[in-house]
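Worksheet for the structure shown next.
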Amino acid sequence: MTCCPTSREKERASRFIQGTLELLLLRSLIHGPAHGRAIARHIQQASDDLRIETGSLYPATHRLEAQGLVKAEWQLSDKGKRAKYYRLTPAGRRHLTAEQSRWDRFVQAMARVLEPVE
């Protein structure tokens, strides 16, 4: 990847993220509660630099909360500041399992289509 992505590359990345953001958020919470910045940092580190903007992150966490897939509570962060911590609900775990299976099937199908023709 180049040092400075073009606006077209940013748009493509944004569309990709919009289609997978909720799955990434749920997966980030599999090991326990986390606040928004920690979720974004986890995704960035685990993906080797996929960045989630706060303008996308918080609306997505609110959607997940409204669907009953995550529960949020205000707590003190490790830096002593108030932060909203999100955790998976049992419904969120079931949804994550189903979505991960669907994603795995999609990735396998894409790999078959994109394999070089001999």
### Query
Going by how many other Cβ atoms sit within 10 Å of their own, how do L76, L57 line up, fewest first?
L76, L57
### Message
Kirkwood hydrodynamic radius, the range 21-118, all distinct C-alpha pairs: what's the number in Å?
### Response
14.6 Å
### Query
Can you put W103, W74 in order, fewest other beta carbons within 10 Å first?
W74, W103
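We did not get these values from a lab; they are worked out from the coordinates using the rules stated. Worth saying up front: this structure is predicted, and the values here are computed from it rather than measured. Positions of Cβ are generated from backbone atoms using ideal geometry, with glycine treated the same way; all protein chains shown enter the neighbour counts.
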